[in-house]
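Participant: Handing you a structure now.
Just so it is clear, none of the values below were taken in a lab; they were calculated from the coordinates. Just so you know, these numbers come straight off a predicted model, no measurement behind them. Positions of Cβ are generated from backbone atoms using ideal geometry, with glycine treated the same way; all protein chains shown enter the neighbour counts.
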C-alpha cells in the first residue's frame, strides 16, 4: 500500500519526476526516508498484500480510508484517494500509480498539497523463503513545510518503521 503522508512523484508542479530536473539530471530532495524489514513470508505473498489498497488501513496506522478514483484492478495510472492523520493534521490526497511490477516494485505519487511526495515499495527474496521489503518516501516540501522538513522526516521514519513492523506481525501470524 500506501503510505502515510502520501504525496507525489511530481515535484512542485514541474513536469519532471520527483528528484529529477527538467533536463533529467538528479537533484536533491528535502526529505528522503528509507526503511526496510525482513518478513518471514514469500515475496509474492508480501508484495500482493502490501500493494493491495484494500489492506492499507490494516497495516498503516495513520491511514483512515482509501477509495478508488479509477476502477480496479490496480495498475499504472490507477488513482486512489487517501485520508490520513499525520502530525496532528488530517490529510486528504490522491496517489497515482507510476510504476507497478507485481512482486518486485510499486511506485506511487501525488503532486497535491504543500509536500510533493513519491512512495516506493520494493520486494526481494531473503534467506529461507523470507522477503526483504523496502519502503521509501521522498519529496520536496514547499513554503512553510520546507522549514519543518527535518522534523517531518524523523516522524515519517518512526511511523514507517512502526508500520512495517505491523505488516510483519500481520503476515507472520
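Participant: Among 138, 132, rank each residue by its count of other Cβ atoms within 10 Å, from fewest to most, as a rough exposure measure.
Facilitator: On the way: 138 24, 132 16.
With the fewest neighbours first, 138, 132 line up as 132, 138.
Participant: Something else: Would you order 118, 99 from fewest to most other beta-carbon atoms within 10 Å of each residue's own beta-carbon? Intermediate results must be reported in sequence, preceding the final value.
Facilitator: Values: 118 28, 99 13.
Starting with the residue having the fewest Cβ neighbours, the order is 99, 118.
Participant: Averaging sequence separations of C-alpha pairs under 8 Å and six or more residues apart, then dividing by the length of the stretch 31-172, give the relative contact order as a whole percent. It would help to have the intermediate numbers written out before the result.
Facilitator: Values: 284 pairs, mean separation 45.2, N = 142.
Relative contact order, the stretch 31-172: 32 percent.
Participant: Give me the log10 of I(q) over I(0) for the stretch 63-141 at q = 0.11, 0.13, 0.26 Å⁻¹, as the Debye formula computes it from C-alpha points; what are the numbers?
Facilitator: Taking Cα atoms of the stretch 63-141 as identical point scatterers yields -0.34, -0.46, -1.28.
Participant: Pull out the extension gain between residue 161 and residue 68, defined as 0.36 nm times the separation in residues minus the alpha carbon to alpha carbon distance; nm, one decimal. Provide the component values of the computation, followed by the final result.
Facilitator: On the way: separation 93, 0.36 × 93 = 33.48 nm, distance 2.61 nm.
Fully extending the segment from residue 161 to residue 68 adds 30.9 nm.
Participant: Quick check on the exposure proxy: order 163, 101 from fewest to most C-beta atoms within 10 angstrom.
Facilitator: Numbers: 163 23, 101 12.
Going from sparsest to densest Cβ surroundings: 101, 163.
Participant: Still on this structure: Which value does Rg/Rh take for the stretch 31-172 over its C-alpha atoms, Rh per Kirkwood?
Facilitator: Working: Rg = 14.7 Å, Rh = 15.5 Å.
Ratio of gyration radius to Kirkwood radius for the stretch 31-172: 0.95.
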